[in-house]
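J.: Here it is: the structure, laid out below.
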Amino acid sequence: MTVNQKPTSGISEPTIPGPHPAPSKPLSALPRGACDTHAHLFGPQSRYPYQPNRSYTPPDASEEAYRDLLHTLGFQRAVLVQPSVYGTDNRRMLDALARRRADDDIQWRGIAVVDNRISDAELERMHEAGVRGVRVNLVFPGGLTFADVELLSRRIAGLGWHVQLLVDVSRFERLVERLDRLPTDSVVDHMGHIPTHRGIEHPGFRALLELLQGGRTWVKLTGPNRITALEHVPFHDVDPFFSTLLEARADRCLFGTDWPHVQLPGPIPDDGDLVNEFLRLVPDPSIRKQVLTDNPARLYQFDG
């Protein structure tokens, strides 16, 4: 069944696989307050239907399954990112944020997708729920365009939010100029989503470094399996990209699992392996704490 076909049940069959069924525990414990800054929740479709204009249909990825993953890996904080298949319908994410409890052992934040029709009152309600930014997806259809974000960024600046971009920096023209125009900080997903064969001297990657060094852009050291030419860890061809970004501004780098790993070019990874890749490349405990705990605490305004 293709994405555009309408099943008789009203429920579309998944077109991509689900996450790894039994993720392993990392080789080393993560620092206290470590944050997974990039994950998505999906389904059930009967309650949270997907928008027709989408590039994939995921299997369910529940809050309970994700919480189990966080416990296995050793994260105490998490950021839920609105995926493109829901468009501007943020209910799946907001419902998860609303279930936060005083005794919850996980602290939650969210990144929404909205358009300029949203009211200021709704933005305020999202802020109270734990939303701290808006996402623009320039890789898969269904999200905002960059022109939308330029207008929207003026409205969210007062909330202390940021703009998060899924963008291939090797294909996005005038990156520095366009992000510098925004009145908010920006966050770039997946090390700029640049294929490793393009190299760290590619103008798009150098532009990302310039933005990072400018102090108003953050970068997620996520998705090495999205940009590598290799199928399994260790992703040695990603090492120069990861290390160059970290050396440029460790205080502007973040980490996340990217669970449940939608639209991958290769096999579904073991999330424990992805954490181990981070640990391999960041042996210094103080830098691990900076990236995993201190930086996300500042950007996402975590308490405590």
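The values are calculated or read from the model by the stated rules, or taken from the named source; none is laboratory data. Just so it is clear, the model here is predicted, and its values are computed rather than measured. All Cβ positions, even for glycine, are placed from backbone atoms using ideal geometry, and neighbour counts span all protein chains on display. Side chains included, ligands, DNA and RNA excluded: accessible areas come from the protein's heavy atoms. Shrake-Rupley method; radii C 1.70, N 1.55, O 1.52, S 1.80 Å.
J.: At residue 88 and residue 116, where each label point lies 7 Å from the Cα along Cα→Cβ, what is the point-to-point distance in nanometres?
T.: 1.1
J.: Return one whole number: the accessible area per residue of the chain in Å², for a 1.4 Å probe.
T.: 42
J.: Which far-off residues, 5 or more places away or on another chain, put their amide H under 5 Å from the one on residue 80, with H placed in the peptide plane?
T.: 109, 110, 111
J.: Among DSSP beta bridges whose residues both lie in the chain, state the antiparallel percentage, nearest 5.
T.: 5
J.: Rounded to the nearest 20 Debye, what is the dipole magnitude of the chain about its Cα centre when Lys and Arg each give +1 and Asp and Glu each give -1 at the C-beta? All intermediate terms of the calculation are to be shown ahead of the outcome.
T.: Working: 34 positive and 39 negative charges, 99 e Å.
Dipole magnitude for the chain comes out near 480 debye.
J.: Whole Å is fine, so just give me how far the alpha carbon centre of the stretch 12-36 lies from that of the stretch 63-127.
T.: Spelled out, the Cα-based centre of one part sits 17 Å from the other.
J.: Subtracting the Cα-Cα distance from 0.36 nm times the residue separation, let me have the gained length for residue 22 to residue 154 in nm, one decimal.
T.: Value of the extension gain: 43.2 nm.
J.: Given the rule -39500 (n - 2.57) for each run of at least 4 DSSP H residues, summed and divided by the residues of the chain, what is its mean residue ellipticity at 222 nm, to the nearest 500 deg cm²/dmol?
T.: -8500 deg cm²/dmol
J.: Sticking with this one: Once amide H atoms are placed 1.01 Å from N in the peptide plane, what residues at a sequence separation of 5 or more from residue 164, or on another chain, have their amide H within under 5 Å of its amide H?
T.: 134, 135, 136, 187
J.: Oh, and also: So, with a 1.4 angstrom probe, what is the percent of accessible area on the stretch 173-304 that is carbon and sulfur?
T.: Numbers: 2590 of 5040 Å².
Heavy-atom surface of the stretch 173-304 belonging to carbon and sulfur, 1.4 Å probe: 51 percent.
J.: Can you pull out the GluC sites (Glu not before Pro) in the stretch 154-238 that DSSP calls coil and that have at most 12 other Cβ atoms within 10 Å?
T.: Hits after loop and neighbour filter: 173, 201, 231.
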